[in-house]
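The values are calculated or read from the model by the stated rules, or taken from the named source; none is laboratory data. Bear in mind that the values here come from a model prediction, so they are computed numbers and not experimental data. Glycine gets a Cβ as well: all are built from the backbone with ideal geometry, and neighbour counts include every protein chain shown. Accessible surface areas use protein heavy atoms only, side chains included; no ligands, DNA or RNA. Shrake-Rupley method; radii C 1.70, N 1.55, O 1.52, S 1.80 Å.
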Amino acid sequence: MMGLKLALMISVATMLYTCQAGSNLHPLILIPGNGGNQLEAKLTSDYKPSSLYCNKWNPVRKDKEGWFRLWFDPSVLLAPFTKCFAERMTLYYHPDLDDFRNAPGVQTRVPHFGSTQALLYLDPYLKHITAYMAPLVESLEQIGYVNGKTLFGAPYDFRYGLAAEGHPSQVGSKFLQDLKDLIEKASTSNGGKPVILLSHSLGGLFALQLLNRNPSSWRQKYIKHFIALSAPWGGTVEEMLTFASGNSLEVPLVEPLQVREEQRSSESNLWLMPNPKLFGSQKPLVITPNATYSAYDVAQFLSDIGFPQGVYPYKSRILPLTDKLVAPGVPVTCIIGSGVSTPETLFYGENGFDEQPEIVYGDGDGTVNMLSLLALESLWSNEKNQTLKVIKIRGVSHTLILKNNAALEEIIGEISGINSIAEYYVGYRIK
């Protein structure tokens with residue numbers, strides 16, 4: 001029944017745009033979440049494999065210049081190669097640079113920037129099990145969007161994040177500049193129409209940072225609307241589990257401890273730690289026989305789990321970055337899942353952090369806590385110049401929001417409204 005409703009909505013939207021000029025579509029840019037696009041790597045002479053399995057011959061499939069798909073590659077499912085994947089994905093913080101870098105001998109690049117190609121499937125040879133934005137893109141194409149003309153993709157190296165003012169963030173800052181250039185190009189090539197930004201998960205944090213790092217005059221000229229799907233505005237409790245014990249992310253056969261060090265090294269994962277101002281000091285997030293940690297205790301938590309090298313970057317680069325979620329002054333719609341069991345408190349026993357914890361669950365989308373998903377609703381409630389709409393879809397998880405018919409119906413409906421002549425959203429406040 002829901003599939004029929006979606007098909008009917010797309011049919012009506014298609015008729016609408018047939019009656020109007022196709023050029024009435026505002027250009028739209030997709031910004032994926034953490035792990036939401038392909039990532040390629042190349043090994044140089046500086047690369048020192050930890051085992052024979054990780055030698056330069058692995059993987060066998062490379063292009064003539066030696067580039068291969070690092071994410072996603074199915075060899076990660078096999079234990080000997082999981083370690084190879086992890087060591088090639090690992091980042092290192094360099095105190096002298098005050099920035100993160102790849103492992104020695106590992107070069108990385110993001111393919112197909114500007115196109116949706118790298119966002120459709122994480123592995124194009126395994127479409128059925130690695131589909132990411134393919135269903136969403138198909139729905140957008142059915143209402144008239146065309147890849148490279150009115151529809152664009154902004155993939156990025158999701159391991160890297162951003163840093164607070166006064167700290168360099170070479171990779172993340174370059175992505176923001178590339179995204180800004182893409183927005184301007186998309187607008188210019190579509191007759192000067194402002195752009196719709198459609199993000200998923202971590203992509204929403206990057207998008208909000210881009211908006212707030214540019215002047216109001218630029219935002220008003222180039223941004224029509226910002227739609228954020230499943231955005232973890234205030235981080236997640238699940239991220240503390242990832243740092244403490246590793247997280248297989250439901251990838252079969254992967255042992256969490258084998259990828260824990262790689263996950264700890266990710267700059268963007270630090271960015272997703274629970275925000276102290278939102279989660280507060282009274283709510284226990286992690287409980288052990290010897291200590292209880294709230295969002296205000298993340299630095300101590302990092303030290304206690306055996307990752308003291310994460311303390312300085314977290315305190316100096318991440319905390320000031322998350323201090324404020326500033327309203328950008330352009331219309332924002334948050335579309336989120338709800339009613340899905342989401343980690344809220346983690347209980348560790350005498351065996352410590354090498355074992356997975358007992359978990360108490362609360363409301364959210366299965367990954368992001370409801371407190372975080374709804375952060376803007378409370379923070380921006382008194383912002384007179386900020387329009388914000390929040391749409392909840394019960395029973396839809398963090399990634400299912402990109403595939404579920406009810407979710408796609410809401411997303412397509414929102415975009416159709418933004419593109420309509422009536423511009424129905426003008427003047428709405430928090431819904």
For the chain, longest principal axis from Cα atoms; helix 2-19 axis from its Cα atoms; angle between them, nearest 10 degrees, is 50 degrees
Rounded to two decimals, the Debye log10 I(q)/I(0) of segment 28-76 (Cα scatterers, no solvent) at q = 0.14 Å⁻¹ is -0.44
In nanometres, the difference between 0.36 nm per residue of separation and the alpha-carbon distance of residue 24 and residue 283 is 88.4 nm
In order over segment 196-210: 3J(HN,Hα) from phi, Karplus 6.51/-1.76/1.60, θ = phi - 60°, whole Hz, x for each Gly or Pro, gives 8, 9, 10, 10, 10, 6, 3, x, x, 5, 5, 4, 5, 5, 4
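In the neighborhood of residue 192, defined by Cβ-to-Cβ distances under 13 Å, what is the net charge if each Lys or Arg adds +1 and each Asp or Glu adds -1?
On the way: positive: 185, 193, 221, 224; negative: 184.
Local charge sum for residue 192: +3.
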Rg from C-alpha atoms of segment 221-264, normalised by the globular rule of thumb 2.2 N^0.38 Å, equals 1.68
Note to self: Kirkwood Rh of the chain, Cα pairs, one decimal, Å, is 22.3 Å
Flagged as over-length at 22 Å C-alpha distance, from 42/83; 48/127; 224/384; 283/389, the pairs are 48/127; 283/389
Computed for segment 209-283: size of charge dipole around the Cα centre, +1 on C-beta of each Lys and Arg, -1 on C-beta of each Asp and Glu, debye to nearest 20, value 680 debye
HN-Hα couplings for segment 366-380 via Karplus (6.51, -1.76, 1.60; θ = phi - 60°), in whole Hz with x for Gly/Pro, come out as x, 10, 9, 5, 4, 4, 6, 4, 9, 4, 5, 4, 7, 5, 9
Of 29-36, 146-153, 410-417, 116-123, ordering from highest average Cβ density within 10 Å down gives 29-36, 116-123, 410-417, 146-153
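Whole number in Å², please: accessible area per residue of segment 214-348, 1.4 Å probe, ligands, DNA and RNA not counted.
On a per-residue basis, segment 214-348 sits at 35 Å².
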Shape call for segment 311-431, from the Cα gyration tensor axes a ≥ b ≥ c (a/c under 1.5 means rounded, otherwise prolate when a/b beats b/c, else oblate), comes out oblate
Mean Cβ-within-10 Å packing, highest first, puts peptides 75-86, 325-336 in the order 325-336, 75-86
The farthest towards the positive end of the charge dipole of the chain, of the residues 81, 160, 133, given +1 on Cβ of Lys and Arg and -1 on Cβ of Asp and Glu, is 133
Surrounding charge for residue 110, neighbours by C-beta under 12 angstrom, Lys/Arg +1, Asp/Glu -1, total +1
Listed by chain and number, the residues whose amide H is under 5 Å from that of residue 70, excluding neighbours fewer than 5 places away on the same chain and using placed H, are 39, 40, 41
The percentage of the accessible area of segment 245-388 (probe 1.4 Å, all protein chains present) made up of carbon and sulfur atoms, to the nearest whole number, is 49 percent
Given backbone amide H placed at 1.01 Å from N, residues whose amide H is under 5 Å from that of residue 153, ignoring those fewer than 5 places away on the same chain, are 30, 114, 115, 116
Phi-derived 3J(HN,Hα) across segment 211-222 with the Karplus relation (6.51, -1.76, 1.60, θ = phi - 60°), rounded Hz, x for Gly and Pro, is 4, 7, 9, 10, x, 4, 4, 5, 4, 5, 7, 10
Taking Cα atoms, the helix 256-265 axis meets the longest principal axis of the chain at an angle in degrees (rounded to 10) of 70 degrees
